Amino acid sequence: MTYSSVSLPMTKQKGLALLVLRGAGFLLALTFGVQKIGWYWSALHAGKSFSSIGLAPLIAKMGFPVAVALAIWITFNESIGAFLIGCGFLTRLLSASLALGMAGALYVSVRLGEDWLRAALYLIIFTALGMTGPGEFSLDRLLCSNKSGAES
């Protein structure tokens with residue numbers, strides 16, 4: 001038996017590889033995303049201003065505009081957006097948004113002299129997913145095939 005006779009068809013291989021990459025979305029959502037949602041949940045119950053909690057003070061310190069809006073966007077990206085990428089839903093759009101956020105995280109990490117490797121890896125992963133799309137095993141593909149089947 002040769003190696004080629006047991007390999008999956010190329011489309012299945014690509015689909016599985018993209019599924020593995022999309023797993024980074026679940027990892028991000030379960031770690032940093034849940035943490036960031038927790039910050040806002042606690043602040044909401046404590047009656048604190050969103051400008052004083054989470055990433056907003058750091059974003060303002062780095063000189064970025066509209067710190068609260070950016071902090072909420074980052075929280076959405078790293079929680080709900082990352083989870084949806086893991087599921088393969090709106091993958092290109094959300095991956096592009098997350099890659100942009102990770103570029104900002106990379107910039108801040110380098111500027112503060114902190115570990116920048118995690119931000120760089122997520123930037124690479126989500127940039128790749130933004131360019132390739134979700135692959136065969138995704139909600140995007142399922143919805144697209146259902147839509148084309150309904151039009152027939």
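Contact annotation: residue pairs with Cβ atoms under 7 Å, 6 or more positions apart or on different chains, pairing a residue in the range 4-32 that is under 14 Å from A128 (Cα atoms) with a partner that is among the small types (G, A, S) and at pLDDT below 95, are K14/G135; G15/G135; L18/G135; L19/G135.
Check the range 30-52 and report whether any residue there is β-branched (V, I, T) and within 18 Å of L121 (Cβ to Cβ). Can you show your working first?
Initial filter on the range 30-52 (β-branched (V, I, T)): 31, 34, 37.
Okay, now just the ones that are also within 18 Å of L121 (Cβ to Cβ), so 31.
The answer is yes; a qualifying residue exists.
Taken together, I59, I85 contain a single residue that is modelled with pLDDT of 95 or more, in a helix (DSSP H, G or I) and closer than 12 Å to G104 by Cβ, which is I59. Of all the numbered requirements in (1) loosely packed, with under 14 Cβ neighbours inside 10 Å; (2) at pLDDT 95 or above, S42 misses one, and that requirement is (2).
Out of curiosity, is L123 touching a residue at least 24 places away in the same chain (Cβ under 8 Å) and closer than 30 Å to K14 by Cα?
Working: touching a residue at least 24 places away in the same chain (Cβ under 8 Å): yes; closer than 30 Å to K14 by Cα: yes.
It is true that L123 is touching a residue at least 24 places away in the same chain (Cβ under 8 Å) and closer than 30 Å to K14 by Cα.
Among the residues making up the range 57-75, those that are surrounded by fewer than 18 Cβ atoms within 10 Å (Cβ to Cβ), under 18 Å from M102 (Cβ atoms) and more than 18 Å from the chain's Cα centre (by Cα) are L58, M62, F64.
Contact map, the range 36-55: residues that are on the phi < 0 side of the Ramachandran plot and of a type in the set (G, A, S) paired with residues that are assigned to a helix (DSSP H, G or I) and modelled with pLDDT of 90 or more, Cβ distance under 6 Å, separation 6+ or inter-chain. Pairs shown: S51/V68.
Could you list, in sequence order, the residues of the range 123-139 that are assigned to a loop (DSSP other than H, G, I, E, B) and among the aromatic types (F, W, Y)? First the steps, then the outcome.
Filtering the range 123-139 down to residues assigned to a loop (DSSP other than H, G, I, E, B) leaves 133-138.
The one that is assigned to a loop (DSSP other than H, G, I, E, B) and among the aromatic types (F, W, Y): F137.
Of the residues in the range 78-93, at least one is surrounded by 20 or more Cβ atoms within 10 Å (Cβ to Cβ), of a type in the set (D, E) and under 27 Å from L55 (Cβ atoms).
Would you check if G104 is of a type in the set (G, A, S) and assigned to a loop (DSSP other than H, G, I, E, B)? So G104 fails the test.
Applying a threshold of 7 Å to beta carbon distances and a minimum spacing of six or more residues, or different chains, the list of pairs starting in the range 84-113 at a residue that is without any contact (Cβ under 8 Å) to a residue 24 or more places away in the chain and ending at one that is assigned to a loop (DSSP other than H, G, I, E, B) reads L106/W116; S109/D115; S109/W116; V110/W116.
Scanning the range 107-122 for residues that are crowded, with 16+ Cβ neighbours inside 10 Å and in a helix (DSSP H, G or I), which turns out nearest to the chain's Cα centre (by Cα)?
Filtering the range 107-122 for residues crowded, with 16+ Cβ neighbours inside 10 Å gives 108-109, 116, 118-120, 122.
This time we only want the ones that are in a helix (DSSP H, G or I), so: 108-109, 118-120, 122.
Working: V108: 18, S109: 18, R118: 13, A119: 11, A120: 13, Y122: 8 Å.
The extreme case among them is Y122.
Buried (at least 16 other Cβ atoms within 10 Å of the Cβ) and more than 16 Å from I72 (Cβ to Cβ), is that true of G33? No, not satisfied.
The single condition from (1) closer than 27 Å to V20 by Cβ; (2) free of Cβ contacts under 8 Å to residues at least 24 places away in the same chain; (3) not acidic (D, E) that T75 fails is (2).
The values are calculated or read from the model by the stated rules, or taken from the named source; none is laboratory data. Source: prediction; values computed, not measured. Here the Cβ is made from the backbone with ideal geometry for all residues, glycine too, and neighbour counts use every protein chain on show.
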